[in-house]
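Inspection log for the structure reproduced underneath, given as structure tokens.
Please treat every number below as a calculation from the coordinates, not as lab data. This structure is a prediction, so every number in the text was calculated from the model and none was measured. Please note: Cβ atoms are built from the backbone with ideal geometry, for glycine as well, and neighbour counts cover all protein chains shown.
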Amino acid sequence: PGYTRDAGAPAIRITVLKAYVHGLVSLKSANLVVRVQFPANGTAAAITKTYRGFDDSMNWSTSQGEIQEAFNTALDNLTAQIGTDLGQRCKR
């Protein structure tokens with residue numbers, strides 16, 4: 001039960017290179033930089049790409065929740081970029 005003839009989900013390797021927040025007087029910038037290794041599949045060669053997810057926004061109170069929200073927004077930006085490339089790769 002549960003087995004199909006369809007190909008399994010692609011396995012990718014993600015390495016976190018940098019994760020940081022820069023704060024200025026009234027602005028903050030959250031950055032997540034990762035390296036993603038896409039393995040070779042039947043029609044596409046293996047590739048390695050570097051992605052940067054970010055959030056540039058107002059720094060109201062430098063609270064933990066505000067910093068976490070900035071990282072979450074940067075992560076959403078990052079996963080959207082990776083998802084787009086992964087979707088294109090899976091269509092080949």
Whose amide H sits under 5 Å from the amide H of Asn59, counting only residues 5 or more places off or on another chain, with H placed in the peptide plane?
Leu27, Lys28
In whole Hz, what ³J(HN,Hα) sequence does region 59-75 give by Karplus (6.51, -1.76, 1.60; θ = phi - 60°), x for Gly and Pro?
9, 7, 9, 6, 7, 4, x, 5, 5, 4, 4, 5, 5, 4, 5, 5, 5
Just want to confirm a number: the relative contact order over region 1-86, from Cα pairs under 8 angstrom separated by 6+ residues, in percent.
25 percent
Volume in Å³ per residue [convex hull over Cα atoms, computed for region 52-92]
49 Å³
What list of ³J(HN,Hα) couplings, whole Hz, do you get for region 23-34 from phi and the Karplus terms 6.51, -1.76, 1.60, once you set θ to phi - 60° and write x for glycine and proline?
x, 10, 3, 10, 10, 9, 9, 9, 9, 10, 10, 10
Compactness of the chain - radius of gyration and Dmax, Cα, Å:
17.2, 58
Sum of side-chain charges, Gln68 neighbourhood, beta-carbon under 15 Å (Lys, Arg +1; Asp, Glu -1)
-3
Which ³J(HN,Hα) values, rounded to whole Hz and listed in residue order, are derived for region 46-55 from phi using the Karplus coefficients 6.51, -1.76 and 1.60 in 6.51 cos²θ - 1.76 cosθ + 1.60 with θ = phi - 60°, glycine and proline given as x?
5, 9, 10, 10, 10, 10, 10, x, 8, 9
Give, rounded to the nearest 20 debye, the magnitude of the charge dipole that the chain has about its Cα centre when Lys and Arg contribute +1 at Cβ and Asp and Glu contribute -1 at Cβ.
560 debye
Ranking request for peptides 44-51, 78-85: highest mean number of other beta-carbon atoms within 10 Å first, then the rest in descending order.
78-85, 44-51
